[in-house]
Structure formats: structure tokens, C-alpha cells
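Below: the structure, in C-alpha cells.
Coordinate-derived values only; no laboratory data. Everything numeric in this text was worked out from a predicted model, so none of it was measured. All Cβ positions, glycine included, derive from the backbone under ideal geometry; neighbour counts span all protein chains shown.
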């Protein structure tokens with residue numbers, strides 16, 4: 001009887017955990033959720049899991065050129081997530097997300113970023129996202145600051 005009780009408890013525990021595990025493993029339901037996950041990643045964590053294969057390839061190629069030259073990435077001497085070189089550690093908690101456009105395969109989301117809590121200035125970073133294999137991935141990023149920039153173009157710059 002004890003064996004049956006233990007099995008029953010194990011099955012009950014697995015059944016209770018399954019919805020939580022499925023929810024953790026499920027891809028973000030919308031592009032804003034994908035960007036929230038991107039901004040919530042630890043600071044030094046790779047951006048690669050959040051990028052489309054095209055943008056990941058451009059990013060990786062530019063990193064390799066940078067390593068060979070022994071210099072920072074040409075054209076990209078700032079953090080594209082905030083359009084800045086410095087920020088508060090938790091700046092992403094103040095982000096405001098706005099879906100600009102969306103269809104079944106593509107989305108454009110504008111993120112208003114306030115890099116320092118003590119300053120009134122904000123920046124708008126626009127993300128182009130693509131739905132690939134059930135996940136929203138970053139396909140390009142643009143900043144509206146002066147000068148305006150587009151990540152895919154910066155990643156193709158050479159010395």
C-alpha cells in the first residue's frame with residue numbers, strides 16, 4: 001500500500017507541475033512578451049537566442065571582425081537595447097512598450113527607454129520582430145536619436 005501511495009503522490013506532483021513547466025517552456029504569446037524577456041535577461045547574457053538567424057549572422061560576423069582588429073565593433077560602440085553607452089542597472093523596468101504594427105509573421109514594437117531614473121529624457125528604440133518556429137525573434141532594431149541608426153546597417157560597417 002505504501003508503494004501505491006508513493007506512486008500516486010509522484011503522479012499527482014508531476015500532473016500539478018506539468019502546466020507550470022509547459023508555461024515556462026512555451027514561447028512568448030506576443031512580441032511584447034518576447035521583448036520583455038529580452039530586456040529581462042542578465043546583462044552579460046548573449047543576445048543570440050533573441051535574434052533571427054540573419055541578424056545573429058551579422059552580429060557574429062561583426063564580432064569576429066572586431067576580434068581580428070582588436071577594436072570595438074565598428075559602428076556599434078553602444079548598447080543597441082537602450083541606444084546608450086551607460087544606463088542604470090535596472091533601466092529596463094521603466095520601459096514602455098507599444099505595438100506599432102503586427103500581422104501573423106511580423107511585428108514592429110516601439111520601446112520607450114529611460115536610461116537614468118533621475119533624468120527626464122527618454123529614447124525610442126524600434127524593434128522589427130519575426131515569428132520563426134513559434135517564437136518572436138528580433139530581426140532588426142532602429143534608434144530615433146540623432147543620428148538615427150539601424151542595427152543591421154551598423155553591423156555591416158567596416159573600418
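Using alpha carbon centroids, what distance separates the stretch 34-59 and the stretch 125-145, in Å?
That distance is 10 Å.
Please work out how much length the chain gains when fully extended from residue 124 to residue 88, using 0.36 nm per residue of separation minus the C-alpha to C-alpha distance, in nm with one decimal.
Numbers: separation 36, 0.36 × 36 = 12.96 nm, distance 1.65 nm.
Roughly 11.3 nm would be gained on extension.
For a paramagnetic label modelled at 7 Å from the Cα of residue 64 toward its Cβ, which residues of the stretch 137-159 fall within the zone defined by backbone nitrogen distances under 17 Å?
It comes to 155-159, nothing else.
Along the Cα→Cβ direction, 7 angstrom out, place labels at residue 36 and residue 157. What is the inter-label distance in nm?
3.4
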